[in-house]
Number of protein chains: 2
Amino acid sequence: MKKIKKNITIHDIARELKLDSSTISRALSDSPRVGIKTKERVLSKAKELGYRRNQMASNLRTNKTMTIGVVVPYISRHFFSEAIDGIEQTVADKDYRVIISQSHDDYKLEKKILDGLFMNRVDGLLISASMETPDSSHLSIFKDNRIPVVLFDRYFENGGLSKVIFEDKQGANDLTQHMINQGCKKIFHLAGSIDSQIYQQRYQGYREALKKNDLEFKESFVKPSSLTAEDAVEIIKEILKDKKNLPDALVCGNDISALAIMKYLDEHTEIRVPGDICIGGFSNEPASDLIKPGLTTVDQHPFMIGKTAAEMLLDFINNKEKAFRSSNTVEIKSSLIVRGSTLKKKKKIIKKNNIK
Amino acid sequence: MKKIKKNITIHDIARELKLDSSTISRALSDSPRVGIKTKERVLSKAKELGYRRNQMASNLRTNKTMTIGVVVPYISRHFFSEAIDGIEQTVADKDYRVIISQSHDDYKLEKKILDGLFMNRVDGLLISASMETPDSSHLSIFKDNRIPVVLFDRYFENGGLSKVIFEDKQGANDLTQHMINQGCKKIFHLAGSIDSQIYQQRYQGYREALKKNDLEFKESFVKPSSLTAEDAVEIIKEILKDKKNLPDALVCGNDISALAIMKYLDEHTEIRVPGDICIGGFSNEPASDLIKPGLTTVDQHPFMIGKTAAEMLLDFINNKEKAFRSSNTVEIKSSLIVRGSTLKKKKKIIKKNNIK
DNA sequence: AAAAACTATACAATCGATTGTATTTTTTAT
DNA sequence: ATAAAAAATACAATCGATTGTATAGTTTTT
């Protein structure tokens, strides 16, 4: 009967073969300093005993963990789970592992998580900062210890950190322009937190499009929101109260809020989309393609964002000078997915305006 | 100017305070063997130097990693990302971290991942097996080394492992019964892989409901499918070809396929849901509540499944005898969410049949 | 005041793998 | 055949924290 001894180490193999543990270590890592015959004996004995390298011991000695820390606000949000998918696939390919944590948009928790990840001596960090995070000061420990960090999606201006972001401004601009092309004149904006760069950018893009087309704008067109389904419903109710000032289009900060509003309008009002109001969002949630009419949205390519960020990080890990000599920003291109929710002029394909 | 030395260790603190590193270690873990004054000096010096414990060294010595391995087929699927959310929150509360990997339903990759997780000496493992996984043989290394394992959602009969599963059979039964109550007579089933316990169970639940109600059943009512949106469309096309044998209800193995079919019917046929055909699915995808009519679905409570599995695992980690003395199976209750896609008798609330 | 009991701290081994240096063995060259 | 070169393996230190044992210093007991 084969007995499987627990937690076999290289010393166990060494003892059985009457060799030194250093030879075993070298044999297992295929070092040229070990004879081919010995290598074979070691490999076969390792298999026989069910040896598995203790990664922690190895990590301690080599000061490398083959582990990447990933911090996001919420794992289960479509955008983040797609981004994590991209990250995981990219790094797993190179035999890295990911430790994933969620900050729940809580700065204190985020700090605690970063501390833990540092103690685990991750080889690199990918983080999409919480809404509350004011700056990158809590990342300094990574910088001080030359552990590469790449931000993705959410970021901050200061800090000079490398990042992979989405061209939010352009996306919002395109979306708004598209609505204008459809003949919309009074376009409201459901805006996310002003503390967040990304929602700021979306707001800017919206503003610029209005300006470029000489369309009316008032501060009251902008409705700050948490962009949850519930909050969106509250806001549309509010908007509808002022019957003299109804918008004919609504640029929502995300799909979740846009979808909630469409559902509300359909179930509780006579207002029709896109006939009475055009609606657009961000993120291309799966539902956006399933409802009727489909929701026009700015696709953020979250998988690609995750993949790109992971590739950049791996590059930094392998070329540390790069990581700390300068900072790198990659902007992932947006693409506007036009669906029924903004198609007043139906079926006709509208080309981009060439107004200078 | 304060210089932050890289990678401060307890030895650095010891040197500065002219103490032994063992005293530092004990002071930092608040051992009663260190005087209170010394503790204070150590703590303040640690802070001053920016000391962070090297978890790897600690892990190696204590043979504990405070890390849980999580393996799922696809991170970005709604069900799994919700389950991971539940897992992460539960274990993070107890200061555990999660290493998350995806098997892409590939058995070979799954084996490789498990090997890696074992080498990292995770304290426990949560796994939702890949479709291809035939048995638990690749988990034996965890058993042999007394590392607790809890399966969730996907599982296998043999192996005697603890698991948290969903009552798929009951869910399918309830869904089918509900359709029958609505007056449906010819109910088809879009079935998932027969290799998977969960789809087997759903099929069984469907069958039992038909039998209990003495409804017609033929093998041809069951359509095997990969349950992707694309495949579902192919299958509904196929079904519609046989005009003499159209179903008046369709129990789909998941929401994704149900949603795809509803969209197809709406866009390409005259068939109306629920008027001509009732449709139901599994998982309560976010879109199911947003489309019109809403999709009736069996809610699987993925967050709760993840949370429960994580709690069970933590319990096993802290009580190892429990983990290996017996096996434990928790079945998470299903709940049927009735929406428009199955409501022929509109608005009337239908109570469960009491037919014995 | 000496012995006993207790505190606080130091010493040293250990976890398992890696790696620079030293030594032994084998091969090649003369 | 012997020296030199090369190959294979052994020795020993190390990564940083933990922990059992030993020792120095202090307080209590009688």
Taking the Cα centre of each part, how many Å lie between the range A:82-139 and the range B:98-116? 21 Å
Tell me: how much accessible area in total is hidden between A and B, 1.4 Å probe, Å², nearest 100? 4900 Å²
At q = 0.21, 0.25 Å⁻¹, what log₁₀ I(q)/I(0) does the range B:10-53 have when each alpha carbon counts as one equal point scatterer in the Debye sum? -0.54, -0.78
Kindly write out, for the range B:318-324 in residue order, the coupling ³J(HN,Hα) from the Karplus curve 6.51 cos²θ - 1.76 cosθ + 1.60 (θ = phi - 60°), rounded to whole Hz, with x marking Gly and Pro. 8, 9, 4, 4, 3, 4, 10
Apply the a/c threshold of 1.5 to the C-alpha gyration tensor of the protein assembly as shown and tell me whether it is rounded, prolate or oblate. oblate
Counting only heavy atoms of protein chains, what accessible area per residue, in Å², does the range A:10-53 have with a probe of 1.4 Å? 67 Å²
Restraint check, A:47/B:64; A:111/A:263; A:112/B:6; A:163/A:223, Cα-Cα greater than 27 Å: A:111/A:263; A:163/A:223
Compute the Rg to Rh ratio over the range B:1-146 from the alpha carbon atoms, using the Kirkwood formula for Rh, and round to two decimal places. 1.14
Accessible-area order (highest first, 1.4 angstrom probe) of the listed residues A:74, A:206: A:74, A:206
Going 7 Å from Cα along the Cα-Cβ axis for the label, what nanometre distances separate residue B:39 from the same residue across the other copies? 5.4
Counting only residues 5 or more places away or on other chains, whose amide H sits under 5 Å from the amide H of residue A:98 once H atoms are built in the peptide plane? A:68, B:100
Roughly how many percent of the accessible protein surface of the range A:109-250 is carbon and sulfur, given a 1.4 Å probe and a whole-percent answer? 49 percent
Which distances in nm, rounded to one decimal and ordered from shortest, link the label point of residue A:293 to the equivalent label points in the other identical copies, with labels set 7 Å from Cα toward Cβ? 2.5
By the scheme Lys and Arg +1, Asp and Glu -1, what is the net charge of all other residues having a beta-carbon under 15 Å from that of residue A:156? -4
Residues of the range B:144-179 losing 20 Å² or more of accessible surface, assembly versus chain alone, probe 1.4 Å, please list them. B:144, B:145
Neighbourhood charge, 11 Å Cβ-Cβ cut-off, centred on residue A:128 and excluding it, Lys, Arg +1 and Asp, Glu -1: 0
Place the label 7 angstrom along Cα→C-beta at residue B:224 and in each other copy, then list the distances from the first to the rest in nm, shortest first. 5.8
Shape category assigned to the range B:170-283 from the gyration tensor of Cα positions, a/c cut at 1.5: oblate
Counting DSSP beta bridges with both partners in the protein assembly as shown, what percentage is antiparallel, nearest 5? 10 percent
Apportionment of accessible area to carbon and sulfur, the range A:10-53, percent (1.4 Å): 49 percent
Inter-label distance for residue B:242 and residue B:41, nm, one decimal - labels placed 7 Å from Cα along Cα-to-Cβ: 8.7 nm
May I ask for the Kirkwood hydrodynamic radius of chain B, worked out over all distinct Cα pairs and given in angstroms to one decimal? 23.3 Å
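The values are calculated or read from the model by the stated rules, or taken from the named source; none is laboratory data. Remember, predicted model here, so these are calculated numbers, not experimental data. Here Cβ is always computed from backbone atoms with ideal geometry, including for glycine, and neighbour counts include all displayed protein chains. Heads up: the accessible areas ignore ligands, DNA and RNA and are worked out on the full protein's heavy atoms, side chains in. Shrake-Rupley method; radii C 1.70, N 1.55, O 1.52, S 1.80 Å.
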